[in-house]
Amino acid sequence: MKKSVNVPFEQPDKGAGGDCNINHILQSCGTLAGNIREDALLMAFCAGAGAAHLGGGLSHIDILSVLYGTVMKHNSDNPEWDERDRFILSKGHGVLGYYGALCETGYIPREELFGFEKSGSDLLGHPVKNLKKGIEATTGSLGQGLSLGIGMALGLKEQGKSSKVYVLLGDGECNEGSVWEAFMSASQYKMDNITAIIDRNHFQLGGDTKDVMDVGNISDKIRAFGWEVREVDGHNIKEVYEAFKKPREEDKPLAIVADTVKGYGFSFCEGNNAYHHAVVTKDLYETGMRELGKECDPDSIRKKAEEWKENHSAYLKKYKSHIKKSQIENKITVTKQLARRWSMVGQRAAFGLAVMEIAPDNPKLKVLTADVSSSAGLERLKKTYPDKFLDAGIAEQNMMGIASGYSQTGYDVITATFAPFQSMRCLEQIRVNMGYMGSKVIMVGLAGGLVLGTLGNTHCCFEDIGVLRSIPNIAVISPADSCEVGKALEAALKTDMSVYIRLLGGSGCPVIYTEDYNFEIGKAVIIKGDLEKENNDVVLIASGTMVNESVKAFELLAEKGISSVVVNMHTIKPIDKDTILKAVGNSKVIVTVEEHNKYGGLSTAVSEVLVENGGFSKFISIGLPDEYGCGGDYKDLLELYGLTGGSIADKVIENL
């Protein structure tokens, strides 16, 4: 282990001797940079034929040496120190320099470098969040780190902490539109505790950045977004140091555009884009070590790498969220009066009312929208508790990154926008931040299904369950009525995973519940009939507004002497397997009913349980066909697609 850092290594003296002390700091950073280069070359060599991102892993090492050597507050003896500064490597492929910096400052034992990119290693080719090793964030999908950093910086600032957030981006990465969504928002929020560093090495995978997608004068562009910008030679440690230390403009985020050389430090790869991702041979390793003035034994190094692989390959890593559950008490009790009031306004407005019930007793609640506060019923929250509300503008990808950052600083985070945008516009952010890294966020998809049919299929959403159900660490809920929206929201706050809540229908939402009940994620509710009874003719397993239509079908079937059961499968993931299997054992026909494409949603989830467990009744799937149909009035579309009580009953009778 190397030196542990509680505060910056040293601070320049104010009085006599200050220049001498600064020179000592710069010399220390230079030594640190050399050690990091040695570590980076070692890891690239240990990667063997698998290759490593060498060029972009070297160009930012001098910047990292200044950050970890003197600028940032951090402590490798207490990696989760609450007052630490945060660093995010947004250009996630640049891990060689990053892991080297973490090794040299005491977070990563040197012997772990031999396991770089091997089975069982924590040191993969893109960083995976591991606070014990000083890794604050999972990155690799370019364009996401700055939004995440903004969320962290907002959370830290609102908690009164002096901690700063530093985000390192590549210049090619700035092709991503989400980067500019983030630049725009940071100045809007007057963020003076975040610094973005652009590693301007002038190359990306496809070649020179000017030839692939010219960003032009990137400094001027960032200034136009309201940032203070400082330009430096990214390999001049004194310039880099002064850029970080110089007093900042008030209420402005800071960007440091560092002009660098890809592959800097080794003659064989400097300015050579062929080493973007390349194999470091024995000869190249020896050449690099000679240029560092170091002796080496490459055969011994390779042997250690092989030994590491043999000793650790059985320990493949599984990543799971360890986010704390909210400790709030339930506030929403279903009564006839509440059911009547909330049903009148519909599920979207009921969501806003539920948030208002939860907000007073939750100091860490943060609700984000993408310019849809009025559509989400959140205007009262915005006016009554402005500190609990944030509008990200029409920038859903940035919203989800900010939400993840808030979650990482201890907030209970809810996001809300229209269902297609909540589930698909920002899908990659959801996958990386909520799925892979495990940030807990409750995502509310407004106006799912067909309710906005008169606006056309861009605003209808019947793919969202299928899309989000495939991402680990995310539960999917479709409430049956307005009161269940509130129940689902409270349950979501208390679970240990992210949750997608799908809101359907408009005002005048049908009432399913008129008295209080226990809502449990992953546990279905029997609405009509007796599932314990043997030889039911049919079990209708429904979600969302289709629970009400299934109740209508239940009544029509009863008139014809057909016994049925209505199950509210409000949670599509994790699905209630026990209830499904009990339905199979006690009925002739299983019917799923959903306002969603029949592929990927409730029907698919139930089918999976049936196939995997080997028990089967006759199975009927009622839902939307696999097509983009015509637009129109909500009720007309439900009728067209056979999603009414009468149509459901007719379908059952046809198949008995």
Report yes if Gly125 is surrounded by fewer than 24 Cβ atoms within 10 Å (Cβ to Cβ), more than 26 Å from the chain's Cα centre (by Cα) and assigned to a loop (DSSP other than H, G, I, E, B), otherwise no.
no
Quick check, is Leu493 part of a loop (DSSP other than H, G, I, E, B), under 20 Å from Arg348 (Cβ atoms) and either of a type outside the set (Ser, Thr, Tyr) or open to solvent by 30 Å² or more (accessible area, probe 1.4 Å) (or both)?
no
Consider the range 72-99. How many of its residues are under 19 Å from Asn193 (Cβ atoms), out of contact with any strand residue (DSSP E or B) (no Cβ under 6 Å at 6 or more places or on another chain) and buried (at least 24 other Cβ atoms within 10 Å of the Cβ)?
1
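This table checks each residue for (1) more than 13 Å from the chain's Cα centre (by Cα); (2) over 21 Å from Gly106 (Cα atoms).
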position	(1), (2)
Asn130	yes, no
Gly140	no, yes
Gly143	no, yes
Ile150	yes, yes
Leu154	yes, yes
Gln159	yes, yes
Ser163	yes, no
Tyr166	yes, no
Leu169	yes, yes
Out of (1) more than 13 Å from Met443 (Cα to Cα); (2) surrounded by fewer than 24 Cβ atoms within 10 Å (Cβ to Cβ), what's the single condition that is false for Met424?
(1)
Being part of a helix (DSSP H, G or I), touching a residue at least 40 places away in the same chain (Cβ under 8 Å) and more than 27 Å from Gly263 (Cβ to Cβ) narrows it down to one residue among Leu96, Leu67, Leu156; which is it?
Leu156
Suppose the filter is more than 27 Å from Gly448 (Cα to Cα), touching a helix residue (DSSP H, G or I) at 6+ places or on another chain (Cβ under 7 Å), open to solvent by 20 Å² or more (accessible area, probe 1.4 Å) and outside any strand (DSSP E or B); does Leu581 pass it?
yes
Single unsatisfied condition, Asp387 versus (1) open to solvent by 10 Å² or more (accessible area, probe 1.4 Å); (2) touching a strand residue (DSSP E or B) at 6+ places or on another chain (Cβ under 6 Å)
(2)
Looking at Ala44, Ala49, can you tell me which residue is out of contact with any Lys or Arg (no Cβ under 9 Å at 6 or more places or on another chain) and open to solvent by 10 Å² or more (accessible area, probe 1.4 Å)?
Ala49
Taking the range 528-571 and keeping only residues that are open to solvent by 10 Å² or more (accessible area, probe 1.4 Å), of a type in the set (A, V, I, L, M) and either farther than 26 Å from Ala488 by Cα or in a strand (DSSP E or B) (or both), one is left with Leu556, Ala558, Ile562
On the given criteria, is Lys382 modelled with pLDDT of 95 or more, within 22 Å of the chain's Cα centre (by Cα), over 12 Å from Val444 (Cβ atoms) and of a type in the set (Lys, Arg)?
no
Of the candidates Lys245, Lys262, the one satisfying the condition of being modelled with pLDDT of 95 or more, at negative phi and open to solvent by 20 Å² or more (accessible area, probe 1.4 Å) is Lys245
Criterion (open to solvent by less than 40 Å² (accessible area, probe 1.4 Å) and over 17 Å from the mean Cα position of the chain (by Cα)) met by exactly one of Val511, Val476, Val499, Val525:
Val525
Which ones in the range 584-602 are open to solvent by 10 Å² or more (accessible area, probe 1.4 Å) and not β-branched (Val, Ile, Thr)?
Gly585, Asn586, Ser587, Lys588, Asn597, Lys598, Tyr599, Gly600
Exactly one condition in (1) assigned to a helix (DSSP H, G or I); (2) of a type outside the set (Ser, Thr, Tyr); (3) in contact (Cβ under 8 Å) with a residue 40 or more places away in the chain; (4) open to solvent by less than 10 Å² (accessible area, probe 1.4 Å) is not met by Leu102; state its number.
(3)
Criterion: under 21 Å from the mean Cα position of the chain (by Cα) and surrounded by 24 or more Cβ atoms within 10 Å (Cβ to Cβ) - qualifying residue of Val451, Val441, Val467
Val441
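The values are calculated or read from the model by the stated rules, or taken from the named source; none is laboratory data. Predicted, not measured: the structure shown is a model, and the values here were computed from it. Ideal geometry is used to build each Cβ from the backbone, glycine not excepted, and the neighbour counts take in all protein chains shown. Note: areas computed on protein heavy atoms with side chains; ligands, DNA, RNA excluded. Shrake-Rupley method; radii C 1.70, N 1.55, O 1.52, S 1.80 Å.
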